[in-house]
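Note sheet for the following structure.
The values are calculated or read from the model by the stated rules, or taken from the named source; none is laboratory data. Predicted model only: the values in this text are computed from it and were never measured. All Cβ positions, even for glycine, are placed from backbone atoms using ideal geometry, and neighbour counts span all protein chains on display. Each accessible area value is taken on the protein alone, full model and side chains, heavy atoms only, with ligands, DNA and RNA left out. Shrake-Rupley method; radii C 1.70, N 1.55, O 1.52, S 1.80 Å.
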Amino acid sequence: MEATTITHVTTNNPNNTSIHGPVVEEVEGLIRVYKDGHVERSQFVPCVDPSLPLELGVACSDVHIDKLTNVWARLYVPTVTNSTSVSKLPLIVYFHGGGFCAGSASWSCYHQFLGRLSAKSRCLVMHVNYRLAPENPLPAAYEDGVNAILWLKKTRNDNLWSKQCDFGSIFLAGDSAGGNIANHVAGRLAAADALIKPLKIEGTILIQPFFGGEARTETERRVENNTESSVLTLASSDTWWRLTLPREANREHPYCKPVKITTRTLVCVAEMDVLMDRAMEMCDSDKKMIRCVVYKGVGHAFQVLGESQLANTLTLQMLCDIDAFIHHSEPLN
């Protein structure tokens, strides 16, 4: 079940030309866009089925949300051995990263991370496989996020897993572009609160959220194209925005900026991330509602792509921080 067809990129063409014309945009190893609009995506991360190790204690399955647009989701449900002693569980609606143009709910790195998140936080997780740009530029991903919540409202009495779910305690979450999506979907739902009742968005969890602007920040200049510190470079960041935004828009477009929302928010920041300053600016804008946690010595997407011992240690810390935020337990580091 895939939201987009992946065409494997060939690398034996030194002129970057094909029957589709020259390459007009590229993030090396991830995506190529040709002059005629043809898009090629590489198999950067393997896709996996919804199976998980039994010892994790989480059941997983895929569900269709909208067959017309091929939007689907991967559901993670903690195994409850004594349902009479366990209250209903919060729900995390998650959006993956990938610059709005790459990624999948079936990517192995997200599958592992969200399985662990479901087990650690004692939450159901619904990972939405939204439509990708440039074929579907923004606001398509925002619309898919809103429709996923409306799908939850419509089907909340139709599934066995939903009997474990507290629909009055929903958290919108995501990393990188997914953090941007979670923020903007929260803003859209706040403006249409009556539309989703009795569902309630209790909070948002933004992991290294992808926001931008025309003026460069200090961390953008400092980290810039240092791939040893961060998988996201300034050059690739600019390319993702060009592929994602409406035609003729620049990085001052509202889609590049965080939306102010009234629900409590956790922002997870990586010290070596090119996006660090933009996340910190968001945190400083509302210290009453926004909780910020900075992870030292790691870069963008360390929790899903990092392989070092430090990345593994801080990923576990992030899982604990999200658990504490959802369940109002203290402290966050």
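Within segment 245-256, residues that are farther than 13 Å from ILE181 by Cα have Cβ atoms under 8 Å from residues that are of a type in the set (Asp, Glu) and in a loop (DSSP other than H, G, I, E, B) in these pairs: ASN250/GLU214; ARG251/GLU214; GLU252/GLU214, counting only partners at least 6 apart in sequence or on another chain. Helices (runs of 4 or more DSSP H) fully within segment 157-233 that include at least 2 residues being of a type in the set (A, V, I, L, M, F, W, C) and either over 16 Å from the mean Cα position of the chain (by Cα) or at pLDDT below 90 (or both): 177-190, 193-196. Considered as a group, the residues in segment 115-129 that are of a type in the set (S, T, N, Q) and part of a helix (DSSP H, G or I) include one that is farthest from MET318 (Cα to Cα), and that residue is SER118.
Each residue in segment 243-254 was checked for being assigned to a helix (DSSP H, G or I) and open to solvent by 40 Å² or more (accessible area, probe 1.4 Å), and 1 pass. Among the residues in segment 193-205, are any polar (S, T, N, Q) and open to solvent by 10 Å² or more (accessible area, probe 1.4 Å)? The answer is no, given that none of the residues of segment 193-205 is polar (S, T, N, Q) and open to solvent by 10 Å² or more (accessible area, probe 1.4 Å).
Condition check ((1) among the hydroxyl-bearing types (Ser, Thr, Tyr); (2) open to solvent by less than 10 Å² (accessible area, probe 1.4 Å); (3) in a loop (DSSP other than H, G, I, E, B); (4) in contact with an Asp or Glu (Cβ under 9 Å, 6 or more places away or on another chain)) across all residues:
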residue: THR265; (1), (2), (3), (4): yes, yes, no, yes
residue: CYS268; (1), (2), (3), (4): no, yes, no, yes
residue: VAL274; (1), (2), (3), (4): no, yes, yes, yes
residue: ARG278; (1), (2), (3), (4): no, no, no, yes
residue: MET282; (1), (2), (3), (4): no, no, no, no
residue: LYS288; (1), (2), (3), (4): no, no, yes, no
residue: VAL293; (1), (2), (3), (4): no, yes, no, yes
residue: GLY297; (1), (2), (3), (4): no, no, yes, yes
residue: VAL304; (1), (2), (3), (4): no, no, no, yes
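Hey, any hits in segment 130-150 for a residue that's at pLDDT 95 or above, of a type outside the set (Asp, Glu), outside any helix (DSSP H, G or I) and farther than 23 Å from ALA249 by Cα? No, segment 130-150 has no match at all. Here LEU243 clears all of (1) touching a Pro at 6+ places or on another chain (Cβ under 7 Å); (2) within 26 Å of ILE322 (Cβ to Cβ) except the condition numbered (2).
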